[in-house]
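One structure is given below, encoded as structure tokens.
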Amino acid sequence: MLRAFWVLALLTLFGAPLVVYRGWLLVPPAWNPWAPLDVRQPPNLLTGYKLMRLQQEPELCRLALDSSVLRYTAVANSESAAGCAVESAVRVQRAGVQFSSSFLASCKLAVAYALFEEHGLQPAARKVFGQPVARVDHLGSFACRNIGNSQRRSQHATANALDIAGFRLQDGRRISVARHWAGEGAEALFLREVRDAACDSFRVTLGPEYNAAHRDHLHLDMGLFRLCR
Ligand SMILES: [Zn+2]
């Protein structure tokens, strides 16, 4: 009886993925861990795993990017100062929204942004204001520097992080992290929804509640750690 249990458990653990991997059983791409990430599909349990895979597989990352509305140009790999090499990066020109300026992003960060905009940011804007965000104001993505006063390289050093300062809605209304985070109005509600939604797409999301250094922006990154504050 016990042996039958283990046989069944092992079959489930290793057999089911093998059957999917070899294509003997067709599952929807969203539920196939080896299928490219499709940004249009709502995130599910496999999305985090698929995002992490993009790091090692530039081809897969490009496929994921091309499933999004992002307009971007490829950027050649660079070898700058120690710890600041940028690999398989893109320059993001625009998405469904316009940006205050184009920005350099690791492919993985760009894909995470696309997921965030489609499934987090715009649904939050429609829910709170009844209209979409038209423009995202950011403070930059790439900077060859360490975290605060530490010896550790920031995710910004490899263009793996983006700092967002605010949003402009379709009707021109402006929402700023610095001005509206602490308030009680619709803007504050919206900013909190956006922060929570960002946690679903990015590995790290840090806002004003984290520390004073983040009082005026949301820091979003695709590093190894996981943190949502
Ligand atoms: Zn940052």
(message) When you scan region 218-228, do you find a residue that is more than 15 Å from L109 (Cβ to Cβ), touching a residue at least 12 places away in the same chain (Cβ under 8 Å), outside any loop (DSSP other than H, G, I, E, B) and away from the ligand (no atom under 14 Å from the Cβ), even just one?
(response) yes
(request) Filter region 177-190 down to residues that are within 16 Å of the ligand (Cβ to nearest atom) and touching a Leu at 6+ places or on another chain (Cβ under 9 Å), then give me how many there are. (result) 2
(request) Within region 149-176, count every residue that is in a strand (DSSP E or B) and either open to solvent by 60 Å² or more (accessible area, probe 1.4 Å) or more than 15 Å from the ligand (Cβ to nearest atom) (or both). (result) 7
(message) Of the conditions (1) within 30 Å of N44 (Cβ to Cβ); (2) surrounded by fewer than 20 Cβ atoms within 10 Å (Cβ to Cβ); (3) small (G, A, S), A143 satisfies every one except a single condition; which number is it?
(response) (1)
(request) Just one of (1) closer than 30 Å to S88 by Cβ; (2) within 15 Å of the ligand (Cβ to nearest atom); (3) open to solvent by 10 Å² or more (accessible area, probe 1.4 Å) trips up A212, so point out which. (result) (1)
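The values are calculated or read from the model by the stated rules, or taken from the named source; none is laboratory data. If you're wondering where the values come from, they're calculated on a predicted model, not measured in any experiment. For neighbour counting, all protein chains shown are included, and Cβ atoms are generated from backbone atoms with ideal geometry for every residue, glycine included. When the accessible area is computed, the model is the full protein with side chains, heavy atoms only, and any ligands, DNA or RNA have been set aside. Shrake-Rupley method; radii C 1.70, N 1.55, O 1.52, S 1.80 Å.
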